[in-house]
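To keep things clear, I will list the structure first and then write my remarks on it.
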Amino acid sequence: MFKLIAKPALMVILAASTWSNPLLASDLTDANEIVANANLTSYYAANDGRSEARMLIKDAQGREQKRQFTILRRDRSDGGEQDFLVVFSRPADVRNTVFLVAKKPGSDDDRWLYLPGLDLVKRISAGDKRTSFVGSHYFYEDVSGRGIAEDNHQLKETTEQYYIVENQPVDPKSAEFSRYTAWINKSTFLPEKIEYFDEGGELYRRVEVLASELVQGHETVTKSRVSDLRSGGQTTLEFRFQAYDLGMEQAVFSERSLRKPPREWLRRSR
């Protein structure tokens, strides 16, 4: 949920930026409609967006690693295809590492990772989308989001504050989870907590929004966390300097940007 991006399944994510929807006069009852609204909230704020992120990775022994990066996003269509570019700046061993996503709802996304130490562009296969993102507890899929058509959705409960939706993969072999439950805020459609369960029904992974605020009229995640409940490790993401509708061109998200990131868009002063 990086929209960031941060939900999912982030959400989260990935990203890392979100936007608010108008308050509804009455509760929704269609799980598909609720999930569609949550998807727009999590990954489609405005036409494009920029955010700086600080990542703190902590293992069960308390050992820490830090990452710092900038996320750029541009929508090709609302709720449809979009592009993400993630450029790492710290620490030195990951500086200039670049992650590029061409999101294609209904088919496999195109994902590339540029490793500057090897001067290597690595294509990330569809089967790797739910593996660790640069050594953190976030997955590659959390950056750009999981396609809503990949799961069946069922509204389990409606409370004063949340729609509680259970989701099961259409293809059980496509993910390591058997189901996940999302607590979606009824006012903002922001998924504030997502819990993942394995085939035995055991809870093993949790994604949480720890803080959010309005940025240019969009409810935006400013802090999130993923917890690995098996290992005891967790990764926390803090987002800063979010901005929307910057007018980024499609060329910003070309494969050329893997080796030559668009510095003019990475500078905060722009």
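Please treat every number below as a calculation from the coordinates, not as lab data. Predicted model only: the values in this text are computed from it and were never measured. No Cβ is skipped: glycine too gets one built from the backbone with ideal geometry, and neighbour counts run over all protein chains shown.
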> What is region 117-270 by shape, rounded, prolate or oblate, if you read a ≥ b ≥ c off the alpha carbon gyration tensor as root eigenvalues and call it rounded for a/c under 1.5, prolate for a/b larger than b/c, and oblate otherwise?
Replying inline: oblate
> Taking neighbour Cβ counts within 10 Å as the exposure measure, how do 42, 231 sort from fewest upward?
Replying inline: 231, 42
>> Based on alpha-carbon centroids, what's the gap between region 231-270 and region 80-116 in Å, whole number please?
In response: 9 Å
> Rounded to the nearest 500 deg cm²/dmol, what is the calculated helix-only ellipticity per residue at 222 nm for the chain, with -39500 (n - 2.57) per DSSP H run of length n ≥ 4?
Replying inline: -2500 deg cm²/dmol
>> So for each of 210-221, 159-170, 45-56 I average, over its residues, the number of other beta carbons within 10 Å; can you give me the resulting order with the highest mean first?
In response: 45-56, 210-221, 159-170
> Quick one: net charge of residue 122's neighbours, Cβ under 13 Å, K/R +1, D/E -1?
Replying inline: -1
>> Below 9 angstrom from the Cβ of residue 222, what's the summed charge of the other residues (Lys, Arg +1; Asp, Glu -1)?
In response: 0
> If you add up the charges near residue 92, with Lys and Arg at +1 and Asp and Glu at -1, over every other residue whose beta carbon is less than 12 angstrom from its beta carbon, what do you get?
Replying inline: +3
